[in-house]
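Here, each number is a calculation from the coordinates, and none is a lab measurement. In this text, all values refer to a predicted model and were calculated from it rather than measured experimentally. Using ideal geometry, Cβ is built from the backbone for each residue, glycine included, and neighbour counts are taken over all protein chains shown.
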Amino acid sequence: MFFKKIDKRIRIVLIIILILFISIVLRVFKIQVFDYNKLKKLADNLWSRDLEVAADRGKILDRNGNVLADNVTTTSLVLVPNQIKDKKTTSEKLAKILGISVKQMDKHVYKKTSIEKVHPEGRRLSFEIADKINSLELDGVYLVKESKRYYPYGNLLSNSLGYVGIDNQGLSGLELQYDDVLTGTSGAIKYFSDAKGNQLNLSDVYVEPVNGMNIQLTIDLKIQQSVERELSNIVDMFQPDMALALVMNPKTGEILAMGSRPDYDPNNYQNYSVESLNRNLPIFASYEPGSTFKIITTSAAVEEKVVDLEKDHFYDSGSVNVEGSVLKCWKAGGHGEQTFLQVLQNSCNQEF
């Protein structure tokens, strides 16, 4: 009886051990097969660092493919502070080339971070300055490609195109409206370092950026240039507070040109007031058509032979009651007896 109890306990222990063993095997299988990619990515992030390579913003084109908003390639300065061996010398040399104080440069060089963008002093450097920095061959100092928005026609269509910020984000106009389409996906140069930030002797990995999508407008560059020229002539001649023009294809509704004054140069938008930047007058300064639309209703009535301009007569008493609302003529007492043509000429409100 005693030995039977011992044998039963042994079997229970063996079963428990077997269950634990199977659980461990299943757990290892799950980690190796199902969680492998996730865990590998987390592990890589511990020792890989990315130097961002900016994507080009999508271009904005006119109806014939002429580029209205383009990109130019620039260079920016990026530091990996833990890789900089002689911080004092590095700070002094970079400060001299960038034309800033050593104290300003120290804030970047001595910063406790894995990657430090030298902003704004090291953004969008000229090729001359970039070459000077590159020739120093300093440890932990990198130059990365950056894209800068460029508007080849300056002020042309500026109120509609809008402008972008220093990080190429749309801030106004079409640049803002279609920012998600125009913005690409940045790439990177991946390098590998230990926990202290020291670069490991492994090959860097280049991830190519994906440029943004182009958008094509109904605008015709030649017509737009004509509109811009005439608007400038009007401003020079009459000095108005504002001026605007819009050219539309009446058969399709396509906007062929649109411009207004004041305008601005989106390449240097920082030099303009908020009022100038955020007023696209053909859209912003909208009004009810009012009496000008009477031509449309009259044309439709004549086309459908509903009225005869010479034979049909109306009496203008000065006001008319329409479902409880009193519509008044602009002339007190009205115009009296009129033909329909005279109604149009006198712009009588109640007859329309």
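Once the convex hull of the C-alpha atoms of segment 290-346 is built, how many Å³ does it hold per residue, rounded to a whole number? Mind showing how you got there, number by number?
Values: hull volume 5.3 nm³, N = 57.
About 93 Å³ per residue, rounded to a whole number.
What residue among Leu341, Gly324, Phe29 has its Cα farthest toward the positive end of the dipole of the chain, where the charges are +1 on Lys, Arg and -1 on Asp, Glu, each on the Cβ?
Phe29
Starting from the alpha-carbon convex hull of segment 50-216, give the projected area averaged over all orientations, in nm².
Details: hull surface 43.7 nm².
Averaging across all directions leaves 10.9 nm² for the Cα convex hull.
If I take every Cα pair under 8 Å that is 6 or more residues apart in segment 50-216, average their sequence separation and divide by the length, what percent do I get for the relative contact order?
Details: 337 pairs, mean separation 59.4, N = 167.
Relative CO of segment 50-216 lands at 36 percent.
Show me 254-266, 302-314 ranked by packing, highest mean number of other Cβ atoms within 10 Å first.
Values: 254-266: 20.9, 302-314: 12.0.
Going by the mean number of other Cβ atoms within 10 Å, highest first, we get 254-266, 302-314.
Can you match Rg and Dmax of the Cα atoms in Å to one of these, [x] 35.8, 129; [y] 19.3, 63; [z] 21.6, 72, based on a calculation from the structure here?
Matching the structure shown: [x].
Please work out the Cα convex hull volume for segment 221-284 and give it in Å³ per residue.
Working: hull volume 6.5 nm³, N = 64.
It comes to 102 Å³ per residue, whole-number rounded.
So between Val274 and Phe21, what do we pick up on full extension, going 0.36 nm a residue minus the alpha carbon distance?
On the way: separation 253, 0.36 × 253 = 91.08 nm, distance 7.06 nm.
The Val274-Phe21 span can extend by a further 84.0 nm.
What spacing in nm lies between the two simple spin-label points modelled at Val302 and Leu136, each 7 Å away from Cα in the Cβ direction?
7.7
Can you give the extra length, in nm with one decimal, that the chain gains between Gln225 and Lys38 once fully stretched, where that is 0.36 nm per residue apart less the Cα-Cα distance? Don't skip to the end; give the middle numbers.
Details: separation 187, 0.36 × 187 = 67.32 nm, distance 5.49 nm.
Difference between extended and current length: 61.8 nm.
Amide H neighbours of Ala69 under 5 Å, at least 5 residues apart or on other chains, H built in the peptide plane: list them.
Counting only residues 5 or more places away or on other chains, the set is Ile60.
Show me the helices of the chain, taken as full DSSP H stretches, that run 24 Å or more along their long axis by Cα and average -1.0 or above in Kyte-Doolittle hydropathy.
Values: long enough: 2-29 (41 Å, 1.79); 221-238 (25 Å, -0.07).
Qualifying helices, which must be both long enough and hydrophobic enough, are 2-29, 221-238.
In which sequence would Cys329, Cys348 go, from the one with the fewest C-beta neighbours within 10 Å to the one with the most?
Details: Cys329 19, Cys348 24.
If I rank by nearby Cβ atoms, fewest first, I get Cys329, Cys348.
For Ala332 and Thr89, compute 0.36 nm times the residue count separating them, minus their Cα-Cα distance, and round to one decimal in nm.
Numbers: separation 243, 0.36 × 243 = 87.48 nm, distance 8.66 nm.
In short, 78.8 nm is gained.
Restricting things to Cα coordinates, could you compute the convex hull volume per residue of segment 60-106 in Å³?
Details: hull volume 5.2 nm³, N = 47.
It comes to 111 Å³ per residue, whole-number rounded.
Calculate, for Ile295 and Met237, the FRET efficiency according to 1/(1 + (r/R0)^6) with r their C-beta to C-beta distance and R0 25 Å; round to the nearest 0.05. Let's see the in-between values first.
Details: r = 28 Å, r/R0 = 1.12.
Efficiency, rounded to the nearest 0.05: 0.35.
With the radius of gyration and the Kirkwood radius both derived from the Cα set of segment 219-352, what is their ratio Rg to Rh?
Working: Rg = 21.2 Å, Rh = 18.6 Å.
Rounded to two decimals, Rg over Rh is 1.14.
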